[in-house]
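*Asks:* This is the structure I have questions about; it appears just below.
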Amino acid sequence: MKSTVLRNVLIAASILAAATVTTTTSFAAERFVFVSHAPDSDSWWNVIKNALKNAEHDMGVTVEYRNPPTGDIADMARIIQQATASNPDGLVTTIADFDVLQSAVQGAVAKGIPVITVNSGTAEQSKKLGALMHIGQPEYDAGKGAGERAKAAGVTKFLCVNHYITNAASVERCQGYADGLGVPLGGQMLDSGIDPTEVYNKVKAFLASHPDTNGILTLGPNSADPVIKYLRDTGSASKFKSVISFDLDSDISQAIKDGIMDAAIDQQPYLQGYLPIVLLTQYVRYGVIPANNINTGPGFVTKDNIALVEKLAGEYR
Amino acid sequence: MAEQSHAPAAATPVLDVVDERLTRQSRWRRMLSRPDLGAFAGAVLVFIFFAITAGNTGMFASDGVLNWLTVTAQLMIIGTGAALLMIGGEFDLSVGSMIGFTGMVIAIPTIYFGLPIGLSVVLAFVLAMAIGALNGFIIVRTRLPSFIVTLASLYMLRGLTIALSILFTNRTIVSGLKQYSSGSFVAQLFAAKLFPGFFQWLADNGIINKLPNSQPAVPGIPMLLLWALVIAVIGHIVLTKTRIGNWIFASGGDANAARNVGVPVSAVKISLFMVTAFCATVFSACQVFEFGSAASDRGLLKEFEAIIAAVIGGCLLTGGYGSVIGACLGALIFGVVQMGILFTGAPSDWFQVFLGAMLLIAVLFNSTIRRRVTGER
């Protein structure tokens, strides 16, 4: 009996080993690693994963998507170090926290691995790290653009629902919005957490205790979806002069169509997944790379152009 | 351990028979009945697995080895504390939150109140061990399960970390510590790289890889590894060679019986909670000085990793049995599996499934081996 347990364990181990061997050896082309900062629970990154799959297929390369399961940036630094040790042909990473990731990314650059930074972070930080280029949306400017839109709509007091408060870029978005509006940020940023029920109730509590709030900014589907539900449940959408969200998913585009939400700031994440792989492939094969950084956003999605976007939301938009 | 008595029947008294508890077991027999034997076998299995699946991916090159050794060392530090506490019959679920909390205690006073960095570190250790003592005191006094009491501290410490960092700094990542810490003694103590000259020599002689700028791929041994080693060795010696070690086993085995023979059970348990808090603070100090920043989400779920390391290493969840060496091997298994899966290039959506499966296999293998050789049923 005991020996069968032992044998089964060994058999299971060898099956697992065989399965992994086949996944590693079935491609012989360039291998790139894409490291994000997003915890497993962040659904927005699905678009990027789809983009990576497309790029993998179109370029004939392999791409490994990696992320720290809990969103801990210190763990992300370890993953970058691990990726560096595995000698990939190229590395794509977000700059979720410059200080923490600095030595890890510079280690990859020092080893001669071409690095492109995407999404979070600024062009200056990317340059400092020794990356080839940065592909993303300038967070502060995007927030400011939203703030200016809100100001034109007459917003005076706002709520910024921040579902990822440990990411410096999230705070910058709220700060940009406040500056665009021309009011201090103060206590108008809410640390909502990522659990939808929690977000819903925290927003409800905030709006009950701040009844003069007339503008809302959400930083992505994780904070937007519960807010949309709140606005639908209470029928209070007309009370707010401007409701804007970062990023897109099917709930947000439906809300825009229904007039509950005014606009979504689209940073076109598909490009942040697809372009770095395409560019790295060309760089590795032919040594060519654009000389500038690429801004994939901000683009505003409103009632006027929603039809085009809606079909692909959550998958490629 | 349930050994069958071989004492002769009472009817035929033999005067020179030795008490069976004092009979000398053979060295071989003693080695086989160690709690950490299964973990050792598990570690060998894991290394064979990755030698096959990831042998040529750079996992066993110098920088690859450093990568999984670093993760192992981190886990060894908190795993040793968790193992000692678990042998003493209790759990500490507040380890992960303690890591985030103490990181902030080091960073915020230094950057925002101008406290010298050395003092901030001392403050972090003192606060952490005081909270550990409080945890232990509540558990000993109320006889509530440590699972519940430390679960409460898990939430309170995490909440405090977020609330205080927002209150004092209006942000949840406090960075820019490097300019205060560079060159200071504490930064050296927790984040120095040892023997850079030796590694340069290794690289110059082609023993380890060189970077294109002629720096070695591994600049030195991080202090983290030394801390892990020192904590593990001290933990092992205290547990196996001292009276305190016997007290720990006795407190975890049967607290009442231990009290009756004069073991200071309450003091032992409270001290063990202080030890886990100390280990968590060492973990966070190394992390804070390596990265130059503290964040309120650091250490998420680390309490479970510490417990997993101890359990893979043969500690019983019921207390009274286990070893520090086992916990270190458990940390090695977990660290190698965690990073090794990334080297194999397995798709990341499946990462946690693989991780869980590998752990289950390692633990099953480990307990099967142990049962076979100890003849337990």
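The values are calculated or read from the model by the stated rules, or taken from the named source; none is laboratory data. Nothing here was measured: the structure is a model prediction, and the numbers come from that model. FYI the Cβ positions are ideal-geometry reconstructions off the backbone, even for glycines, and counts take in every protein chain you see.
*Asks:* Taking the range A:91-101, which residues are within 21 Å of B:Lys193 (Cβ to Cβ) and either more than 8 Å from chain B (Cβ to nearest Cβ) or free of Cβ contacts under 8 Å to residues at least 12 places away in the same chain (or both)?
*Replies:* Across the range A:91-101, the qualifying residues are A:Asp99, A:Leu101.
*Asks:* I'd like the full set of residues that are within 14 Å of chain A (Cβ to nearest Cβ), β-branched (Val, Ile, Thr) and over 12 Å from A:Ala74 (Cα atoms), limited to the range B:261-307.
*Replies:* none
*Asks:* Kindly indicate the residue of the range B:204-232 that is more than 14 Å from every other protein chain (Cβ to nearest Cβ) and in a loop (DSSP other than H, G, I, E, B) and also surrounded by the most Cβ atoms within 10 Å (Cβ to Cβ) among those meeting that condition.
*Replies:* B:Ile207
*Asks:* When the range A:40-78 is examined, which residues are found to be part of a helix (DSSP H, G or I) and hydroxyl-bearing (Ser, Thr, Tyr)?
*Replies:* A:Ser43
*Asks:* Report whether or not B:Thr368 is more than 10 Å from chain A (Cβ to nearest Cβ), assigned to a helix (DSSP H, G or I) and polar (S, T, N, Q). Step through it out loud before you land on a result.
*Replies:* Values: more than 10 Å from chain A (Cβ to nearest Cβ): no; assigned to a helix (DSSP H, G or I): yes; polar (S, T, N, Q): yes.
No; evaluated as a whole, the condition is false for this residue.
*Asks:* Do the conditions hold for B:Ile117, that is, is it away from chain A (no Cβ under 14 Å) and either surrounded by 19 or more Cβ atoms within 10 Å (Cβ to Cβ) or of a type in the set (Val, Ile, Thr) (or both)? Before you say what the answer is, go through the steps one by one.
*Replies:* Numbers: away from chain A (no Cβ under 14 Å): yes; either surrounded by 19 or more Cβ atoms within 10 Å (Cβ to Cβ) or of a type in the set (Val, Ile, Thr) (or both): yes.
Yes; evaluated as a whole, the condition is true for this residue.
*Asks:* Does B:Ile166 qualify as being touching a residue at least 12 places away in the same chain (Cβ under 8 Å), surrounded by 14 or more Cβ atoms within 10 Å (Cβ to Cβ) and assigned to a helix (DSSP H, G or I)? If you could, list the steps in order and put the result at the bottom.
*Replies:* Numbers: touching a residue at least 12 places away in the same chain (Cβ under 8 Å): no; surrounded by 14 or more Cβ atoms within 10 Å (Cβ to Cβ): yes; assigned to a helix (DSSP H, G or I): yes.
The answer is no for B:Ile166.
*Asks:* Are any of the residues in the range B:108-116 among the hydrophobic types (A, V, I, L, M, F, W, C), touching a Ser or Thr at 6+ places or on another chain (Cβ under 7 Å) and either within 20 Å of B:Ala309 (Cβ to Cβ) or assigned to a helix (DSSP H, G or I) (or both)? Talk me through it step by step, then tell me what you get.
*Replies:* Applying the first criterion (among the hydrophobic types (A, V, I, L, M, F, W, C)) to the range B:108-116 yields B:108, B:111, B:113, B:115.
Those left that are additionally touching a Ser or Thr at 6+ places or on another chain (Cβ under 7 Å): B:108.
Those still in the list that are either within 20 Å of B:Ala309 (Cβ to Cβ) or assigned to a helix (DSSP H, G or I) (or both) too: B:108.
Checked against the condition, which is being among the hydrophobic types (A, V, I, L, M, F, W, C), touching a Ser or Thr at 6+ places or on another chain (Cβ under 7 Å) and either within 20 Å of B:Ala309 (Cβ to Cβ) or assigned to a helix (DSSP H, G or I) (or both), the range B:108-116 yields at least one hit.
*Asks:* Which count do you get for residues in the range B:169-203 that are hydroxyl-bearing (Ser, Thr, Tyr) and part of a loop (DSSP other than H, G, I, E, B)? Reasoning before the result, please.
*Replies:* Here is the first cut: in the range B:169-203, the residues hydroxyl-bearing (Ser, Thr, Tyr) are B:169, B:172, B:175, B:180-182, B:184.
After this cut, where a residue has to be part of a loop (DSSP other than H, G, I, E, B) as well, the list is B:172, B:182, B:184.
Residues meeting the conditions: 3.
*Asks:* Please determine whether any residue of the range A:71-78 is on the phi < 0 side of the Ramachandran plot, more than 8 Å from every other protein chain (Cβ to nearest Cβ) and at pLDDT 75 or above.
*Replies:* Initial filter on the range A:71-78 (on the phi < 0 side of the Ramachandran plot): A:72-78.
Next, only the ones that are more than 8 Å from every other protein chain (Cβ to nearest Cβ) stay: A:75-76.
Those left that are additionally at pLDDT 75 or above: A:75-76.
The answer is yes, given that some residue of the range A:71-78 is on the phi < 0 side of the Ramachandran plot, more than 8 Å from every other protein chain (Cβ to nearest Cβ) and at pLDDT 75 or above.
*Asks:* Among the residues of the range A:270-317, which ones are surrounded by 13 or more Cβ atoms within 10 Å (Cβ to Cβ), among the aromatic types (Phe, Trp, Tyr) and not in a strand (DSSP E or B)?
*Replies:* Residues satisfying the conditions are A:Tyr270, A:Tyr274, A:Tyr283, A:Tyr316.
*Asks:* Would you pick out the residues in the range B:329-353 that are more than 16 Å from B:Leu66 (Cα to Cα) and within 11 Å of chain A (Cβ to nearest Cβ)? Give the derivation first.
*Replies:* Narrowing the range B:329-353 to residues more than 16 Å from B:Leu66 (Cα to Cα): B:329-330, B:344-353.
Passing the criteria: B:Thr344, B:Gly345, B:Ala346, B:Pro347, B:Ser348, B:Asp349, B:Trp350, B:Phe351, B:Gln352, B:Val353.
*Asks:* Restricted to the range B:44-81, and to residues that are among the hydroxyl-bearing types (Ser, Thr, Tyr), more than 16 Å from B:Ile325 (Cβ to Cβ) and assigned to a helix (DSSP H, G or I), which residue is farthest from the other protein chains (Cβ to nearest Cβ)? Give the steps one after another, and end with the answer.
*Replies:* First, pick out the residues of the range B:44-81 that are among the hydroxyl-bearing types (Ser, Thr, Tyr): B:53, B:57, B:62, B:70, B:72, B:80.
Next, only the ones that are more than 16 Å from B:Ile325 (Cβ to Cβ) stay: B:53, B:57, B:62, B:70.
Still in the list and also assigned to a helix (DSSP H, G or I): B:53, B:62, B:70.
On the way: B:Thr53: 5, B:Ser62: 9, B:Thr70: 7 Å.
Checked the range B:44-81; the qualifying residue farthest from the other protein chains (Cβ to nearest Cβ) is B:Ser62.
*Asks:* Additional query: What tally of residues in the range A:51-70 results from selecting those that are within 12 Å of chain B (Cβ to nearest Cβ) and within 18 Å of B:Pro347 (Cβ to Cβ)?
*Replies:* Step one: list which residues in the range A:51-70 are within 12 Å of chain B (Cβ to nearest Cβ), which gives A:52-53, A:56, A:62-70.
Then keep just the ones that are within 18 Å of B:Pro347 (Cβ to Cβ); that gives A:52-53, A:56, A:62-69.
Final tally of qualifying residues: 11.
*Asks:* Looking only at the range A:107-130, which residues are of a type in the set (A, V, I, L, M, F, W, C) and outside any strand (DSSP E or B)? Reasoning before the result, please.
*Replies:* Step one: filter the range A:107-130 for residues of a type in the set (A, V, I, L, M, F, W, C), giving A:108-110, A:113, A:115-116, A:118, A:123, A:129.
Matches in the range A:107-130: A:Ala108, A:Val109, A:Ala110, A:Ile113, A:Ala123, A:Leu129.
A quick yes/no check of all residues on (1) crowded, with 23+ Cβ neighbours inside 10 Å; (2) farther than 22 Å from B:Ile139 by Cβ; (3) among the basic types (Lys, Arg); (4) out of contact with any Pro (no Cβ under 7 Å at 6 or more places or on another chain):
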| position | (1), (2), (3), (4) |
| --- | --- |
| B:Thr276 | yes, no, no, yes |
| B:Cys279 | yes, no, no, yes |
| B:Cys286 | yes, yes, no, yes |
| B:Ser293 | yes, yes, no, yes |
| B:Ser296 | yes, yes, no, yes |
| B:Ile312 | yes, yes, no, yes |
| B:Thr318 | no, no, no, yes |
| B:Gly322 | yes, no, no, no |
| B:Ala327 | yes, no, no, yes |
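*Asks:* Now, a different point. Within the range A:79-90, can you find the residues that are part of a loop (DSSP other than H, G, I, E, B) and more than 8 Å from chain B (Cβ to nearest Cβ)?
*Replies:* Step one: of the range A:79-90, the residues part of a loop (DSSP other than H, G, I, E, B) are A:86-89.
Listed by number, the residues that qualify are A:Pro88, A:Asp89.
*Asks:* To continue, here is another question. Of B:Gly326, B:Gly356, B:Gly320, which residue is more than 14 Å from chain A (Cβ to nearest Cβ), in a helix (DSSP H, G or I) and not acidic (Asp, Glu)?
*Replies:* Numbers: B:Gly356 fails: more than 14 Å from chain A (Cβ to nearest Cβ); B:Gly320 fails: in a helix (DSSP H, G or I).
When all the criteria are applied, what remains is B:Gly326.
*Asks:* Please enumerate the residues belonging to the range A:169-180 that are under 13 Å from the mean Cα position of the chain (by Cα) and of a type in the set (A, V, I, L, M, F, W, C).
*Replies:* A:Ala169
*Asks:* Select from the range B:233-253 the residues that are over 21 Å from the mean Cα position of the chain (by Cα) and surrounded by fewer than 15 Cβ atoms within 10 Å (Cβ to Cβ) and list them in ascending order.
*Replies:* Scanning the range B:233-253 gives a single hit, B:Arg243.
*Asks:* Scan the range A:244-267 for residues that are part of a loop (DSSP other than H, G, I, E, B) and either surrounded by fewer than 21 Cβ atoms within 10 Å (Cβ to Cβ) or more than 15 Å from the chain's Cα centre (by Cα) (or both) and jot them down. Working first, answer last.
*Replies:* Of all residues in the range A:244-267, those part of a loop (DSSP other than H, G, I, E, B) come to A:247-249, A:258-262, A:267.
Selection gives A:Asp258, A:Gly259, A:Ile260, A:Met261, A:Asp262.
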